[in-house]
Amino acid sequence: PCGRPPPADPASRAAFEAQGETGVVLCGGLAAAAARFRAVRRWEFDRVFAAGAGQREVFEQVRPMATAVLDGVACCVLAYGASGAGKTYTLAGRVSARGLHFHLSEEIMALAAVREATHELAVRASLVEVREECVLDLLADDGGA
């Protein structure tokens, strides 16, 4: 089987805490997690959004990636969090509030249209989901299997 279920004992789960917009995420805090990690670990990101951040706010932060892609830079958007944290909503959105996939695709195509008179462009995109240690290709014809 692919992956493993989360621990039944809540004390054995890791705790994550984002501190403001600085992009600092701390892991630890629970006794079992602290023992497992032997200390609180710290990661830094370009930006960590609060739970109330809107689709437009998130898009405006990553919008420069559209230009970078057309300049030949490989870019990646990562949504990480527990089930129900809003990863799918942030990336895909809904009809009334489209997510990053749609906004970035539109931006890249609009910028490409401006450049097409002077540049030959090819854009390749991947959309994958990592769940329970399995990587699923969400653009595959076979449903990612």
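Quick one: in the stretch 93-116, which of the residues that are assigned to a loop (DSSP other than H, G, I, E, B) and loosely packed, with under 15 Cβ neighbours inside 10 Å is modelled with the highest pLDDT?
Start the filter on the stretch 93-116 by keeping residues that are assigned to a loop (DSSP other than H, G, I, E, B), which leaves 95-96, 99, 116.
Keeping just the survivors that are loosely packed, with under 15 Cβ neighbours inside 10 Å gives 95-96, 116.
Numbers: Val95: 86, Ser96: 86, Glu116: 90.
Step by step, filter the stretch 93-116, then rank; the result is Glu116.
For the stretch 117-142, give me the residue count where each residue is open to solvent by less than 60 Å² (accessible area, probe 1.4 Å) and not in a strand (DSSP E or B).
Matching residues across the stretch 117-142 total 2.
Considering only residues that are loosely packed, with under 14 Cβ neighbours inside 10 Å and in contact with a helix residue (DSSP H, G or I) (Cβ under 7 Å, 6 or more places away or on another chain), which ones fall in the stretch 81-92?
Gly81 - this is the single residue of the stretch 81-92 that is loosely packed, with under 14 Cβ neighbours inside 10 Å and in contact with a helix residue (DSSP H, G or I) (Cβ under 7 Å, 6 or more places away or on another chain).
The values are calculated or read from the model by the stated rules, or taken from the named source; none is laboratory data. Here the structure is a predicted model, which is why all the values come from computation and not from measurement. No Cβ is skipped: glycine too gets one built from the backbone with ideal geometry, and neighbour counts run over all protein chains shown. Protein only, heavy atoms only, side chains kept; ligands, DNA and RNA dropped before computing areas. Shrake-Rupley method; radii C 1.70, N 1.55, O 1.52, S 1.80 Å.
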